Amino acid sequence: MWKSFFVVLDIKEIVFVDPHLEMNHADDKASIMDIRVLSNDNSMINIEIQLQNHHAFPERMLMYWAKMYANQDRKRQPYSKLNKTIQIAVTDFNFLPKEHFHSKFLLTETEDQFVYSHHIEMHVLELTKIDMTHIKEATALEKWLLFIKGDQKVKEGLAMEEPTFSKAYQALQDLSQDQLARYHAMSSERTERTRIQIEEDARVAVEESLRKGIEEGREIGKEIGINEGKAMGISEGKEIGISEGKEMGISEGKAIGINEGKAVGKEEGKKIGQEEGINLERKNNIQKMAAAGMTIEQIASILEIPRTEVEKFANK
């Protein structure tokens with residue numbers, strides 16, 4: 001079954017490595033499966049079928065590749081004897097920002113794009129981006145991905161089309177419920193790492209939400225504080241302005257009042273002075289005329305003033 005999946009490679013050995021299905025029943029789609037392939041040129045290939053995404057899936061792929069590559073060094077052999085290692089992830093979720101289902105990664109120099117080492121190679125095959133409507137026109141790789149992703153009807157159709165898929169379909173049918181239960185019961189470091197990473201993703205998501213909430217709350221609080229502070233400032237400023245304006249008004253009003261009072265006083269003083277001058281001159285005239293032997297009636301007639309006025313000054 002799996003040798004046909006890698007028809008472009010010269011396969012020496014395929015090993016079903018530590019398979020375990022994380023599910024409650026046979027049809028549950030939340031599963032993980034790993035296959036180790038060794039080619040005749042001793043390249044090592046690890047195929048992981050991953051149906052559940054998490055935050056650090058790229059780092060997980062790197063970790064699996066690194067472990068497989070490092071395991072070659074157990075015999076302390078020369079570095080030149082190390083073999084190429086390929087990590088392949090088949091995902092049932094959208095993983096990469098591109099439309100095509102197949103992505104290949106190499107370790108390359110960023111400016112001139114030459115390959116630093118061919119020993120590291122990674123592939124991502126995204127089942128969610130496979131076109132399920134043109135099965136007959138699909139390539140061999142696309143058909144295998146359709147076989148993995150497809151429902152019972154798709155699998156049966158491919159099995160009727162080619163002998164290879166017929167054998168694969170029969171192998172799936174032969175897989176007993178006892179084997180599924182045994183797979184379900186198996187535990188490994190990978191399973192634990194996945195669980196830990198999912199918990200870490202949840203923690204990071206909560207922390208990120210909390211951080212964003214605090215930032216948004218801070219901005220809202222800042223805006224509210226500015227508005228309230230502005231209103232308080234206007235109110236206090238208004239009170240201070242009224243008080244200072246009142247003091248300035250009193251001072252300016254007092255100065256204006258003094259100036260106006262001086263002007264009024266001058267006018268009234270002038271008028272009083274004029275009246276007193278007239279009375280004094282009249283008094284002198286009356287006394288001189290009385291001394292000359294003129295009668296009160298004569299003086300009143302000449303000066304054209306009342307008799308009482310003449311009497312007031314003539315007797316003094």
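Name the shape class, rounded, prolate or oblate, that the alpha-carbon gyration tensor gives for region 41-166, where a ≥ b ≥ c are the square roots of its eigenvalues, rounded holds for a/c under 1.5, and otherwise prolate holds if a/b is larger than b/c and oblate otherwise.
It comes out prolate by the Cα gyration axes.
Can you tell me the equivalent ellipsoid semi-axes for region 209-300? Use √(5λ) from the Cα gyration tensor, largest first, whole Å.
In descending order, the three semi-axes are 83, 8, 5 Å.
Any read-out appearing in this document is the output of simple, stated calculations on the displayed coordinates, not a laboratory observation. Nothing here was measured: the structure is a model prediction, and the numbers come from that model.
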